[in-house]
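The values are calculated or read from the model by the stated rules, or taken from the named source; none is laboratory data. Quick caveat: nothing in here was measured; it's all calculated off a predicted structure. Here Cβ is always computed from backbone atoms with ideal geometry, including for glycine, and neighbour counts include all displayed protein chains.
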Amino acid sequence: MLLCITKRNMIDMFRPVRGMKDLFGSDIDRYQFIINKAIDIGKKYGFLHISTPILEHTDVFKRSIGDETDVVSKEMYTFEDRGGESLTLRPEGTAGVVRAIVSESLYQNLPVKLMYHGEMFRYDRPQKGRYRQFRQLGFEHIGEKNPYIDALTIAMGNEILHAIGVFDFRIFINTLGDDETRTNYTKALVKYLSRHKDSLSKESQIRLDKNPMRILDSKDKMDNEICSMAPLIVDYISKEAGNYFEKVCMLLDKIDINYDVDNFLVRGLDYYSHTAFEFKSIKEGSQNALGGGGRYDKLLKMFGGPDVSGIGFAFGVERLMLHMQKEHFDKRIKTAVIPVSDNENDIAFETLISLHNAGLNAEIILGGNISKKMKHAHRQNCDIAVIIGEDEIADNKVTVKFMQQNDIDNKMKSIHRGVLIPFLKDAYNI
């Protein structure tokens, strides 16, 4: 029996995997714009690039993130390779960066400041702004424990958001305290939550014995209602941890960074201590979390490195793309070089090369009549058309058409070929 596969069936067979998305066109332009802005700001703060493998040994994430977190227990893409090793597609960036710092002995020259960007993978319910393959950009500052560093880290995240055109957001901060704080607070939290154990979700009932602070990060509505009346960590904070957090807040005030203290902010991963923070959009919608991070005091030691502190944060790039203002996006003007007929192809080709050599964004459109070429330029979202015909060559000129211009009088200009590049640079504001 022959199986008949139609073109429609073929297309359906080869759609992207659920929760994974192709990036192209204006999306990839916005993505690259965000990455470039973040890299420039990272360099200003002294960060260097690192690129870690997409695959890591599963224990890299179990050890650092924690067995009882949603990421490890529900969301990781884990499999056994042909050699019998358990490998995992990275669900976040910090663990891999810290692993690299230890395995490559980068800790021998502290402090280490590294930035990264790339694909992460979590098995989650796909929706707008949340994908199973998503992009993150992040920053890790290892080897300095100081409230000045915490304030600078939050300030850098704030600067990145403004640079890419995200303005409608708030910064939420909290302290998770030191070991003394967490010991005392955990006892009080367990005592309170135990009185409501039967009303907690099954997951939170398990966490009550293993990691009760994770319950504060639960997504369950009943858990949230119970936790709203739970003891606050600020009431159990040690003098040292309290002074540290107070200094962070004072420094943020000093540099005019607006923030809200959220006593229930714990972050979703086990390795955080002391300062924790999140950037959240104030626009309505479920996908308002832009990113966040915090300080971690024991993560390097978990991987066999020295007992030094670190702080870091990460943004979800798709979230940033969703919330950035369109008018802020630095769209590069594109020029189409259009010969009227094949007779002008050589001059059009030479013109294209001269524009490229001058650093201008341009392409040549060949084939078809002038009407088809102009329609093609429109489809390519070209802003300027440089038209070269028989009359233009005879006069050593070109006709410049502003494709997006509504003013008829200023829509077309006849320009001498010798001044085309400075004319376009003026139009590009270069």
Give the residue that is nearest to Phe423 (Cα to Cα), with candidates limited to residues of the range 341-378 that are among the β-branched types (Val, Ile, Thr) and in contact (Cβ under 8 Å) with a residue 12 or more places away in the chain. Thr351
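Residue-wise test of (1) in the same structural domain as Tyr272 (by TED's automatic domain parsing); (2) among the hydroxyl-bearing types (Ser, Thr, Tyr); (3) touching a Gly at 6+ places or on another chain (Cβ under 8 Å).
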| position | (1), (2), (3) |
| --- | --- |
| Thr58 | yes, yes, no |
| Gly83 | yes, no, no |
| Ala95 | yes, no, no |
| Ala100 | yes, no, no |
| Leu106 | yes, no, no |
| Pro111 | yes, no, yes |
| Leu114 | yes, no, no |
Using the structure shown, decide if Arg99 is touching a strand residue (DSSP E or B) at 6+ places or on another chain (Cβ under 9 Å), in a helix (DSSP H, G or I) and of a type outside the set (A, V, I, L, M). yes
For the range 218-243, the count of residues that are surrounded by 16 or more Cβ atoms within 10 Å (Cβ to Cβ) and among the charged types (D, E, K, R) equals 1
Scan the range 200-234 residue by residue and report those that are among the hydrophobic types (A, V, I, L, M, F, W, C) and more than 17 Å from Ala188 (Cβ to Cβ). Ile206, Met222
Based on what the data block shows, is Met115 among the aliphatic types (A, V, I, L, M), within 20 Å of the chain's Cα centre (by Cα) and closer than 23 Å to Phe245 by Cβ? no
Can you run down the residue pairs with Cβ atoms below 6 Å, 6 or more apart or on separate chains, where the first is in the range 121-143 and closer than 20 Å to Lys74 by Cα and the partner is β-branched (Val, Ile, Thr) and assigned to a loop (DSSP other than H, G, I, E, B)? none
Residue check, Glu144 against (1) out of contact with any Pro (no Cβ under 6 Å at 6 or more places or on another chain); (2) assigned to a loop (DSSP other than H, G, I, E, B); (3) of a type in the set (D, E, K, R), all met but one. Which one? (1)
What about Lys326, is it surrounded by fewer than 16 Cβ atoms within 10 Å (Cβ to Cβ) and in contact with an Asp or Glu (Cβ under 6 Å, 6 or more places away or on another chain)? no
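Residue by residue, here is whether (1) closer than 30 Å to Ile34 by Cβ; (2) at pLDDT 95 or above; (3) assigned to a helix (DSSP H, G or I) holds:
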residue: Leu355; (1), (2), (3): yes, no, yes
residue: Gly359; (1), (2), (3): yes, no, no
residue: Ser371; (1), (2), (3): no, no, yes
residue: Asp391; (1), (2), (3): no, no, yes
residue: Val419; (1), (2), (3): no, no, yes
residue: Ile430; (1), (2), (3): yes, no, no
Out of all the residues in the range 252-272, is one or more among the polar types (S, T, N, Q), crowded, with 18+ Cβ neighbours inside 10 Å and assigned to a loop (DSSP other than H, G, I, E, B)? no
Looking at the range 160-183, which of its residues are surrounded by 22 or more Cβ atoms within 10 Å (Cβ to Cβ), part of a loop (DSSP other than H, G, I, E, B) and not small (Gly, Ala, Ser)? Ile164, Val166, Leu176
